[in-house]
1. If we keep just the residues of segment 81-90 that are surrounded by fewer than 19 Cβ atoms within 10 Å (Cβ to Cβ) and modelled with pLDDT of 95 or more, which is farthest from the ligand (Cβ to nearest atom)?
2. Could you tell me which of the residues Leu220, Leu229, Leu198, Leu210 is within 21 Å of Met141 (Cα to Cα), within 16 Å of the ligand (Cβ to nearest atom) and either of a type in the set (Val, Ile, Thr) or in contact with a strand residue (DSSP E or B) (Cβ under 9 Å, 6 or more places away or on another chain) (or both)?
3. Would you pick out the residues in segment 178-190 that are in a loop (DSSP other than H, G, I, E, B) and surrounded by fewer than 14 Cβ atoms within 10 Å (Cβ to Cβ)?
4. Which one is nearest to the chain's Cα centre (by Cα) among residues in segment 264-285 that are over 21 Å from Asp91 (Cα atoms), within 16 Å of the ligand (Cβ to nearest atom) and not hydroxyl-bearing (Ser, Thr, Tyr)?
5. Identify, by number, the condition in (1) within 22 Å of Leu198 (Cβ to Cβ); (2) touching a Pro at 6+ places or on another chain (Cβ under 8 Å); (3) surrounded by fewer than 18 Cβ atoms within 10 Å (Cβ to Cβ); (4) of a type outside the set (A, V, I, L, M) that Asp281 doesn't meet.
6. Which residue, of Ala288, Ala183, is away from the ligand (no atom under 16 Å from the Cβ), touching a helix residue (DSSP H, G or I) at 6+ places or on another chain (Cβ under 6 Å) and within 25 Å of Asp76 (Cα to Cα)?
7. Would you be able to tell me the number of residues in segment 17-73 that are within 21 Å of the chain's Cα centre (by Cα) and hydroxyl-bearing (Ser, Thr, Tyr)?
Amino acid sequence: MAIVIITPDRDASPLRDQLNRHLPAGAAVWIYPEVPNPEDVTMAVVWKHPPGSLKAFPHLKLVQSFGAGVEHLLLDPELPEGVPLARIVDDALTLSMRNYVGMAVLAIHKRLDVYLENQRRKVWEQPQPVEWPVRVGILGMGELGAASAQFLAGMGFEVWGYSRQRKTLPGVTSLSPQEASLAEFAGRINVLVCLLPLTPQTEGILNDSLFRSMPKGSYLINAARGGHLVEADLLRVLDEGWFEGAFLDVFREEPLPASHPFWEHPKIFLTPHSASVTNPDSASKLVAENYRRVMAGLPPLHRVEAEKGY
Ligand code: GLV
């Protein structure tokens, strides 16, 4: 029995080495395309696999995304039918995302951009007001959204959450579409954090009409997927002064092309899709556990509902 790892844009050897420590004896780990016996493969661990590549494995019992997001998987028109999909839910991944969101909100609140610019120009000046009043709203209250919301509430920020299913969390005011429209939610906040899964319903949700439902001077933090954002709409609200700034970790095209206007925009702080990257060390325990489960005929942990898209 074997696991195949298909992660063309990432070095798969750290995950292979960790899996070899956690898997039961006799389970082989192969790195695609070096697969000696495709019929032996019962589980595939994938991140941006070449579409159609999973067809080579007729005995798959599980396709495990090597990340929290699964839209890269669902885009494959030749995904094997009837094989369950699972995603990574891991404390290290959650902590990393929570800290990225915390960093961005603190940078906005403490006006880091003003201080950086003033230091560069040797200007000694206390901004007025010294701290910018934050009312932060998290769009998407799954594992990562809920952890980020609680972290921010623990720091004393006013925190709102918006999700299909209302979440009850201490210190967080949660809303669902039954209670408020997206525009009403946006009207109550001045920092919007997107942590939604990318689905046909959420594609392009970060757009002009949402931005203009927020008060003048607002900020965007997008650490979900580039496909959520209508890039031209963000540039427009930034350039017109409706928005004060944006923290972006994800882009429609990655790596972000050198000619893209986001690189040099004075109101944009960007990171290369690194807000929260799956850690092979900790995630291998979940992968090994899911291997054991599917081999024992049990459902995998953190199974994806393909119809919902997450
Ligand atoms: C990263 O983007 C992930 O989906 O884990």
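1. Result: Val83.
2. Just one listed residue meets the conditions, Leu229.
3. The answer is Gln178, Glu179, Ser181.
4. Within segment 264-285, the match that is nearest to the chain's Cα centre (by Cα) is Pro272.
5. Among (1) within 22 Å of Leu198 (Cβ to Cβ); (2) touching a Pro at 6+ places or on another chain (Cβ under 8 Å); (3) surrounded by fewer than 18 Cβ atoms within 10 Å (Cβ to Cβ); (4) of a type outside the set (A, V, I, L, M), Asp281 violates only (1).
6. From the options Ala288, Ala183, the qualifying one is Ala288.
7. 1
Residues are listed down the side, and each one gets a yes or a no for (1) in contact (Cβ under 8 Å) with a residue 24 or more places away in the chain; (2) farther than 18 Å from Trp160 by Cβ; (3) within 15 Å of the chain's Cα centre (by Cα); (4) assigned to a helix (DSSP H, G or I):
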{"position": "Leu192", "(1), (2), (3), (4)": "yes, no, yes, no"}
{"position": "Pro197", "(1), (2), (3), (4)": "yes, yes, yes, no"}
{"position": "Gly204", "(1), (2), (3), (4)": "yes, yes, no, no"}
{"position": "Phe211", "(1), (2), (3), (4)": "yes, no, no, yes"}
{"position": "Pro215", "(1), (2), (3), (4)": "yes, no, no, no"}
{"position": "Leu220", "(1), (2), (3), (4)": "yes, no, yes, no"}
{"position": "Arg236", "(1), (2), (3), (4)": "yes, yes, no, yes"}
{"position": "Ala246", "(1), (2), (3), (4)": "yes, yes, no, no"}
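The values are calculated or read from the model by the stated rules, or taken from the named source; none is laboratory data. The model shown is predicted, which means the values in this text are computed figures rather than measured ones. We place every Cβ from the backbone using ideal geometry, glycine too, and count neighbours over all the protein chains shown.
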